[in-house]
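Report on the following structure.
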Amino acid sequence: MNYKIALIRGDGIGPEVVGEAVKVLEQVGKKFGHTFTNTDVPIGGCAIDAVGKSYPDGTAEACKACDAVLLGAVGGPKWGHSTDPEKRPETALLSIRKDLGLYANLRPAALRPALADACPLKKETADKGIDLMMVRELTGGIYFGQKERYQTEDRGEEASDRMAYSEKEIERIGRRAFELARLRRKKVASVDKANVLETSRLWRQVMHRLAEEYSDVEYEDVLVDNAAMQLVRDPSQFDVIVTENLFGDILSDEASQITGSIGMLPSASLGDGTRGLYEPIHGSAPDIAGQDKANPIGMILAAAMMLRYSLDMPAEADAVEAAVNTALESGLRTGDILEPGKTAVGCAGMGQAIAANL
Ligand code: NAD
């Protein structure tokens with residue numbers, strides 16, 4: 001089979017880490033008999049330099065013509081000052097998610113045995129293992145609600161952000177979470193603030209309806225403050241965590257920190273069909289760009305998620321994840337995960353080793 005992949009290499013370390021993911025996919029193709037045809041789609045700072053805007057015309061169409069999108073990272077200090085949205089790299093990220101209808105953000109957080117020492121939690125907590133999937137609603141809630149600023153008579157200036165969720169928005173993200181749980185350990189924890197927020201009470205009502213439908217999946221409600229605490233007290237209790245946009249933004253960063261380096265973690269953004277956008281959770285890391293120092297593992301694991309969720313290739317995804325584990329178990333480390341006294345391998349060396357392990 002031939003699969004079409006849109007490659008958004010982006011800025012900073014983006015092109016370096018995407019290059020390593022491409023190497024690994026080529027090896028997957030050879031081993032399993034697939035062909036991947038790549039189309040470069042420039043967005044972000046490099047697009048501002050080339051055509052004057054971060055999200056060039058035709059970007060969405062180019063991505064929609066592909067089976068999946070791999071994205072390195074966009075942005076950097078060079079483009080950080082413009083007030084014109086067309087000349088801001090992050091505009092491109094919001095636009096592409098919207099245009100591709102990507103409302104579910106999946107972020108796995110797993111502690112790899114070879115990196116157990118990088119976990120900042122107590123050893124007895126880390127020893128219980130961490131393997132959870134954070135499912136965050138990505139296109140609704142307070143980030144997209146009406147924003148206002150106005151002058152009051154007696155309280156000075158006032159600002160407000162509206163938080164709204166519809167049953168339909170909650171149900172589609174909830175279904176994603178239950179379906180994912182069925183492929184994992186069959187547990188869903190739904191995080192809300194139903195003791196205070198009306199949006200959370202509607203969220204809970206819809207989730208309870210789904211929990212009845214998916215009666216083979218164990219379900220619990222967790223208040224967001226408790227979830228933040230449980231993630232550092234005993235993350236091993238969680239399988240799939242589903243939550244709204246703002247809570248998910250904060251909790252997914254917390255979950256990523258308890259597993260060690262930012263360079264290790266992938267994410268996927270999905271909509272209704274199979275097409276998805278896959279990227280590492282880190283940014284463009286301008287401080288190490290162009291020096292062959294970036295850890296490509298987050299990007300390579302994002303490519304593994306693409307194989308699993310967009311291209312229906314679970315065996316190929318398992319093989320890539322196993323190849324990453326083998327590289328780590330053999331002692332290979334990029335600078336960000338290096339133990340004192342050891343020598344680091346570069347971005348290209350790590351990618352090469354993972355491809356060779358396949
Ligand atoms: P960052 O993730 O780029 O870097 C934070 C720190 O982590 C840096 O010290 C960096 O060197 C290190 N780091 C990140 N990825 C690494 C990797 N793969 N290997 C080794 N070390 C790594 O975050 P930042 O510094 O806040 O942002 C830099 C730029 O990236 C900004 O312009 C920001 O807007 C952009 N950004 C883009 C995305 C995206 O494209 N999705 C996400 C976050 C930030």
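Among the residues of segment 101-119, which ones are farther than 20 Å from ILE173 by Cα and touching a helix residue (DSSP H, G or I) at 6+ places or on another chain (Cβ under 7 Å)?
Answer for segment 101-119, where residues must be farther than 20 Å from ILE173 by Cα and touching a helix residue (DSSP H, G or I) at 6+ places or on another chain (Cβ under 7 Å): LEU111, ARG112, ALA114, LEU115, ALA116, ALA118, CYS119.
For GLU153, all conditions in the list (1) open to solvent by 80 Å² or more (accessible area, probe 1.4 Å); (2) within 16 Å of the ligand (Cβ to nearest atom) hold save one; what is the number of the exception?
Here GLU153 clears every test but (2).
Considering (1) modelled with pLDDT under 95; (2) within 15 Å of the ligand (Cβ to nearest atom), say which one GLU329 fails and leave the rest.
That leaves (2) as the condition not met.
So, in segment 293-325, exactly how many residues are within 11 Å of the ligand (Cβ to nearest atom) and more than 14 Å from LEU106 (Cβ to Cβ)?
7
Using the structure shown, decide if ILE258 is open to solvent by 30 Å² or more (accessible area, probe 1.4 Å), under 29 Å from ARG175 (Cβ atoms) and over 12 Å from the mean Cα position of the chain (by Cα). First the steps, then the outcome.
Numbers: open to solvent by 30 Å² or more (accessible area, probe 1.4 Å): no; under 29 Å from ARG175 (Cβ atoms): yes; over 12 Å from the mean Cα position of the chain (by Cα): yes.
Here the answer is no, as ILE258 does not meet what is asked.
What residue, among those in segment 7-33 that are surrounded by 24 or more Cβ atoms within 10 Å (Cβ to Cβ) and among the small types (Gly, Ala, Ser), is farthest from ALA65 (Cα to Cα)?
Here the answer is GLY12.
Mind listing just one residue for me: the one in segment 261-274 that is under 17 Å from GLY72 (Cα atoms), touching a Ser or Thr at 6+ places or on another chain (Cβ under 9 Å) and not aliphatic (A, V, I, L, M) and, of those, surrounded by the fewest Cβ atoms within 10 Å (Cβ to Cβ)?
SER261
I need the full set of residues from segment 297-343 which are open to solvent by 50 Å² or more (accessible area, probe 1.4 Å) and in contact (Cβ under 8 Å) with a residue 40 or more places away in the chain, in order please.
Correct list: TYR309, ALA315, GLU329, ASP336, GLU339.
Being loosely packed, with under 14 Cβ neighbours inside 10 Å and in contact with a Leu (Cβ under 7 Å, 6 or more places away or on another chain): is that true of ASP57 here? It would help to see each step written out before you state the result.
Numbers: loosely packed, with under 14 Cβ neighbours inside 10 Å: yes; in contact with a Leu (Cβ under 7 Å, 6 or more places away or on another chain): no.
So ASP57 does not fit the description; no.
Take PHE36 and tell me if it is away from the ligand (no atom under 15 Å from the Cβ), of a type in the set (Phe, Trp, Tyr), open to solvent by 30 Å² or more (accessible area, probe 1.4 Å) and out of contact with any strand residue (DSSP E or B) (no Cβ under 9 Å at 6 or more places or on another chain).
The answer is no for PHE36.
Sort through ALA109, ALA104, ALA118, ALA114 and tell me the only one that's within 16 Å of ILE337 (Cβ to Cβ), within 19 Å of the chain's Cα centre (by Cα) and buried (at least 17 other Cβ atoms within 10 Å of the Cβ).
ALA109
Name the pairs whose Cβ atoms lie under 8 Å apart, with the first residue in segment 15-34 and assigned to a helix (DSSP H, G or I) and at pLDDT 95 or above, the second open to solvent by 40 Å² or more (accessible area, probe 1.4 Å) and β-branched (Val, Ile, Thr), and 6 or more positions between them or separate chains?
As it stands, the answer is GLY29/THR35, since those pairs meet every condition given.
Name the single residue, out of those in segment 71-89 being within 7 Å of the ligand (Cβ to nearest atom) and part of a loop (DSSP other than H, G, I, E, B), that is farthest from VAL22 (Cα to Cα).
By that ranking, first place goes to GLY80.
Could you please tell me which pairs satisfy a Cβ distance under 7 Å, a separation of 6+ or placement on different chains, a first residue in segment 157-179 that is closer than 15 Å to GLU213 by Cβ, and a second residue that is of a type in the set (Ser, Thr, Tyr)?
From segment 157-179, the pairs are ARG172/TYR103; ILE173/TYR103; PHE178/TYR214.
Might you let me know whether segment 180-202 holds any residue that is free of Cβ contacts under 8 Å to residues at least 40 places away in the same chain, part of a loop (DSSP other than H, G, I, E, B), on the phi > 0 side of the Ramachandran plot and surrounded by fewer than 13 Cβ atoms within 10 Å (Cβ to Cβ)?
no
Would you call LEU138 within 16 Å of the ligand (Cβ to nearest atom), buried (at least 20 other Cβ atoms within 10 Å of the Cβ) and of a type in the set (A, V, I, L, M)?
In short, yes.
Taking only segment 126-176 into account, find how many residues are in a loop (DSSP other than H, G, I, E, B) and among the basic types (Lys, Arg).
Looking only at that region, the number is 3.
When THR39 is evaluated against the numbered criteria (1) over 24 Å from the mean Cα position of the chain (by Cα); (2) touching a residue at least 24 places away in the same chain (Cβ under 8 Å), which criterion, by number, is the only one it fails?
(1)
If the requirement is being in a helix (DSSP H, G or I), surrounded by 14 or more Cβ atoms within 10 Å (Cβ to Cβ) and away from the ligand (no atom under 12 Å from the Cβ), which of these qualifies: ALA62, ALA50, ALA92?
ALA62
The values are calculated or read from the model by the stated rules, or taken from the named source; none is laboratory data. Keep in mind the model is a prediction, meaning the values are calculated, not measured. In this analysis, Cβ positions are derived from the backbone assuming ideal geometry, glycine residues included, and neighbour counts consider all displayed protein chains. Accessible surface is based on the protein model in full, side chains and every heavy atom, while ligands, DNA and RNA are left aside. Shrake-Rupley method; radii C 1.70, N 1.55, O 1.52, S 1.80 Å.
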